[in-house]
Structure formats: C-alpha cells, structure tokens
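To keep things clear, I will list the structure first and then write my remarks on it.
Readers should treat all values here as calculations from the given coordinates under stated rules, not as data from a laboratory. It should be emphasised that the depicted structure is a prediction, and the values quoted were computed from it without experimental measurement. Backbone-built Cβ (ideal geometry, glycine too); neighbour counts: all protein chains shown.
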Amino acid sequence: MAALFGSKVFIAVASAIGSIIVTLLTQQVLNRRGRFRYFVSHYQVGLSADDAIFGSVRVTWNGNMVANLFSSTAELVNESMRDYANIAVRVFTTDTVLLTERTEIVGTTHALRWTDAFSQRLHVPLGQEATQEQLQLYGGQRDYFIPTMNRGQIVRFTFLNAARFDRPPTIWLDVLHPGVKLEFRVAHNQIFGVPQPAAALVGCLLGIVILAVILAYVHTLWLAAVTSLIYGFFAQIPGALTIRAWRRLQQLFGG
C-alpha cells in the first residue's frame, strides 16, 4: 500500500479521477443556467465584375445586381444539461442583405417558422406590395420560434446573402430566454466532431499523465523520447475521443 500511494502513476490517475468527480459536481450546479453556443461560417458563391477584355459577370437577385453573393450558415447548439421549450431566436446583420433562407432542426424532419410577431410585421395584404420598412426588416433580421431545444440539439440556419462590402459578412444570433446564456464561438476545423483547438488542449493535458507513466515505467531514454514524440504527433486524437466520452458522460448524468 505504501508503494501504491507513493507511485507517481497512482497520484496522476487519482488526481485525474478526483478532478472528474469535482467537475461533474460543479457542472451539476452550474448547469442550472443553460448555455447555448453558436458559430457562423461564410462561403462566397458569386461575384459581379467588369473586365475590358473578357467581359462582364453579373449576379442578380430580383433583377437587381448583387456585387458579393455569400452563403452563410449559423449553427446554434444547446450545450447545457437541460431541455428547453418555446425558444425565440433572432438572426440579424448590419453589413449584408439576407435573401433566401433555409432552416432545420438537425436530426429531424422539422424546419423553423417565424415568430408570430415577426410574421405580423412582414404581412403584406392581398393586392399590395411590401413597404420599404418591411423590405429593410426582411433584409436585416429574422425572428424564429424553436418549439423544443433538447440538450445537445443543433439548429442550423442557412442564408443566401449579399454583402455590402468587399469582405465576408457578419451575421449574429440573439436569444432572450429565462435561464439561458448565449455565447459566440469561432468556427474551427473539427476532428471526430470536436473543434481542433479543444482536442489539442485536452490531448496536451492527457500527455502529462502519459508522461508520468513513461517516467515511471520506461527506463530507456531513447524509447521514452520516441514514445513521447509519437504521442505528440497524434495528441489531438485522444483529446477528441476524451471530449466525446465526456459529452457522453454528461448525457448520462443529465438523463
């Protein structure tokens, strides 16, 4: 027992288990307040330009020329351990014009509808045309109603939009709901469904435990160095798998 408690490996493993238990207990308390996160990605799909030699390219919408046409996708994720209902989400922008839209609750056959208040503001009586105010509202904002937002649920918004400047547009989300905090997250490349920066960070933390094991059991210097080097090359993979396992554990604890 004395040798066991004095082992570096035992100390490292016990510390890791203790940290997990403390984190789980803390998470149970903190998750009384829900956390939604979202990220937005933009892809240019069209560009109007004039060339004296090769001619002109025109991108139009409703007969009007569009200088910079983008396809933008926003994903809203419920990262809390609670389910929510009747969520109102606002999508807005100040430097582009929202054109066509497509929405989906990922993993289901359902799309979103506008809120009743927003639909009323854009209502055009039969035989009349939309006012300038309605056109500006439609081009700069959309309000959606989400009937159910389960834990881990993803809602995706896709917009074809016309940027006003020679740079990618900015599109934001806003959620005002009791007990919910909304955070913006920069979109990153993913590995096994986990953002690479997060996978790399967790992989490095796991590397400390791996290093402790190597120091305790590998007494050949070159073998220890090679093993550490190989782990360093692939640290993102165990990091991503650990995060996925943690998410699964959250789902189990959250019911």
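With the convex hull constructed from alpha-carbon coordinates only, region 35-187 shows a mean projected area of 11.1 nm² over all directions.
Please report the projected area of region 79-144's Cα convex hull averaged over all directions, in nm².
Values: hull surface 25.4 nm².
Projected area, direction-averaged: 6.3 nm².
Modelled this way, with points 7 Å down the Cα-to-C-beta line, the labels at Ala198 and Ala225 are 3.7 nm from one another.
Please get the size of the charge dipole for region 35-187, origin at its Cα centre, with Cβ charges of +1 on Lys and Arg and -1 on Asp and Glu, quoted in debye to the nearest 20. Write out the running numbers ahead of the final one.
Values: 15 positive and 15 negative charges, 98 e Å.
My answer is approximately 480 debye.
Working from label points 7 Å from Cα in the Cα-to-Cβ sense, the Tyr217 to His123 distance is 7.1 nm.
Order of Leu135, Leu221, Leu241 from fewest to most other C-beta atoms within 10 Å?
Numbers: Leu135 13, Leu221 8, Leu241 17.
Starting with the residue having the fewest Cβ neighbours, the order is Leu221, Leu135, Leu241.
Please give the residues of region 157-173, grouped as numeric ranges, whose backbone N is less than 15 Å from a label point set 7 Å along the Cα-to-Cβ vector of Tyr43. Answer for region 157-173: 157-161. In region 35-187, a dipole from Cβ-located charges (positive for Lys and Arg, negative for Asp and Glu) runs towards its positive end, and of Asn150, Thr100, Gly140 it is Asn150 whose Cα lies farthest in that direction.
Which of the GluC sites (Glu not before Pro) found in region 95-176 are in a DSSP loop and have at most 11 neighbouring Cβ atoms, other than their own, within 10 Å?
Working: sites: Glu101, Glu104, Glu129, Glu133; in loops: Glu129.
For GluC sites (Glu not before Pro) across region 95-176 that sit outside H, G, I, E and B with at most 11 neighbouring Cβ atoms in 10 Å, the list reads Glu129.
The modelled label-to-label distance between Trp114 and Arg248, using points 7 Å beyond Cα along the C-beta direction, is 4.4 nm.
Please give the contour-minus-distance gain from Asn150 to Trp172: 0.36 nm per residue of separation, less the Cα-Cα distance, rounded to one decimal in nm.
Details: separation 22, 0.36 × 22 = 7.92 nm, distance 2.16 nm.
Extra length from Asn150 to Trp172 when fully extended: 5.8 nm.
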